[in-house]
Amino acid sequence: MIPESVLVAMGRAMPDLYEGELIEVANSVRSRLPSLVDTTGQGFIVNGNGHAAWQMATSNTLRAGDKVLVLSSRFADTWGRFTAVSGIEIETLEADPRKPFPPEQLLERLRNDNGTIAAVLCVHVDTASSVRNNIADLRRAIDDAGHDALLMVDCIASLGCEPIFMDSWGVDVLVSACQKGLMVPPGVSFVWANDRALMTHAAITERVGYLDWSLRLEATSFYSYFAGTPPVSHLYGLQEAFSLIDREGGLSAVWARHQILAEATRAAVQAWSSPKGISFNVVDADARSNCVTTVRTGQVDADRLRGRARLEAGLVIGLGLGEEPSIRIAHMGHLNPPTHLGTLATIEAVLYAENAPIGASGIQAATQVIGDALKARTITSGSSG
Ligand SMILES: *Cc1c(COP(=O)(O)O)cnc(C)c1O
């Protein structure tokens, strides 16, 4: 869901493209980039979706013939496939998709590498499985192996939902986009690069002009910083989204709200769980993300559930993206207790309508979590009306 004020901000007439207000808006959005992911590195704005940011990350730091290690997950695998098109060799490390990627496995592989691996690609939160990887632990594995591979992380789902600390985690290149936790319609994405990544970049001779970091850093006009016409409406939308975040109390208040609404979701799923029906996809409770919850449906027909929810109750439930029948409940971005409790209650109503085997009411459990947070004043209704 996109906040009304973001839509209104984006719906304005086009301003002067040469001087004045638009330049100020662009500069204010650019100045926010480092603090979004807690880095002193360089941030770039891409007129394109998350796939474009993936390509900006790899085309600036890798050359044909290089090898990258993909820590397998639905979205990391796709990032790898798009990277392979440029003649980059992909090696995929597989692990249990229901758990965070094990750092020991990365350590083991890198110890046995004779310096051929140029980069490690992984996701922070995989939006298909809803697993949250521990990025600091993966970095430690690279360091413990004494390996100099760049660590590149996809934080597309997690930005604006979960804490991200690019520098202290030791991430070299981080990519994200505006349409998940940042509450702006799709179309703009971001890449951050630290000094190591920029140094690697300087030695890459065959790059992609549109995505080239050097051309953007050398830009003297804001038109060339965006490699052409900037995403004007999106810049206004982002400025408004940042102002909503500020009014809520900053990113830490936004993370706290996500944590509580995610816990409410998990309380509901826990209550619904039954041996033949609903269960969590992610095995370890502390690896369940605060952005989305993937729910296995067992004998409950996931397609029927989604179909009834959509056609008869007006709720779009996320499509399962794994091998097992599942649904995904989003809790990212513009949501608050009334909107999210509405979502959970509607799912429960459809489960009843389907005579699905459910353990107990999830609504009471979810309401309790939110009530406790209200009591402790750890949630604000925020600006998400
Ligand atoms: C949504 C998402 C993507 C893809 O983003 P696009 O804007 O569709 O290219 C990639 N990775 C993750 C983790 C995502 O959640």
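The values are calculated or read from the model by the stated rules, or taken from the named source; none is laboratory data. Since the structure is predicted, the reported quantities are computational estimates derived from the model, not experimental observations. Neighbour counts run over all protein chains shown; Cβ positions are idealised from the backbone, glycine included.
Annotations
- Selection status of residue 341, among the aliphatic types (A, V, I, L, M), modelled with pLDDT under 95 and more than 16 Å from residue 277 (Cβ to Cβ): no
- Looking across the stretch 34-58 at every residue that is more than 15 Å from the ligand (Cβ to nearest atom) and within 12 Å of residue 193 (Cβ to Cβ), the one that is surrounded by the fewest Cβ atoms within 10 Å (Cβ to Cβ) is identified as 40.
- Residues satisfying the stated conditions in the stretch 149-204, i.e. more than 10 Å from the ligand (Cβ to nearest atom) and of a type in the set (Lys, Arg): 196
- Extreme residue, nearest to the ligand (Cβ to nearest atom), among residues of the stretch 101-144 that are buried (at least 20 other Cβ atoms within 10 Å of the Cβ) and of a type in the set (Ser, Thr, Tyr): 127
- Taking the stretch 59-82 as the range and being surrounded by fewer than 18 Cβ atoms within 10 Å (Cβ to Cβ), hydrophobic (A, V, I, L, M, F, W, C) and more than 10 Å from the ligand (Cβ to nearest atom) as the test, only 64 passes.
- Boolean, residue 197 is hydrophobic (A, V, I, L, M, F, W, C) and touching a strand residue (DSSP E or B) at 6+ places or on another chain (Cβ under 8 Å): yes
- Looking only at residues in the stretch 139-162 that are among the aliphatic types (A, V, I, L, M) and in a loop (DSSP other than H, G, I, E, B), the one that is nearest to residue 79 (Cα to Cα) is 156.
- Those residues of the stretch 316-358 which are under 23 Å from residue 182 (Cβ atoms) and assigned to a loop (DSSP other than H, G, I, E, B), in sequence order: 316, 317, 321, 331, 332, 333, 334, 335, 336
- Cβ-Cβ under 7 Å pairs, at least 6 apart or on other chains, the stretch 1-28 side in a helix (DSSP H, G or I), far side hydroxyl-bearing (Ser, Thr, Tyr): 9/236; 10/233; 10/236; 25/236
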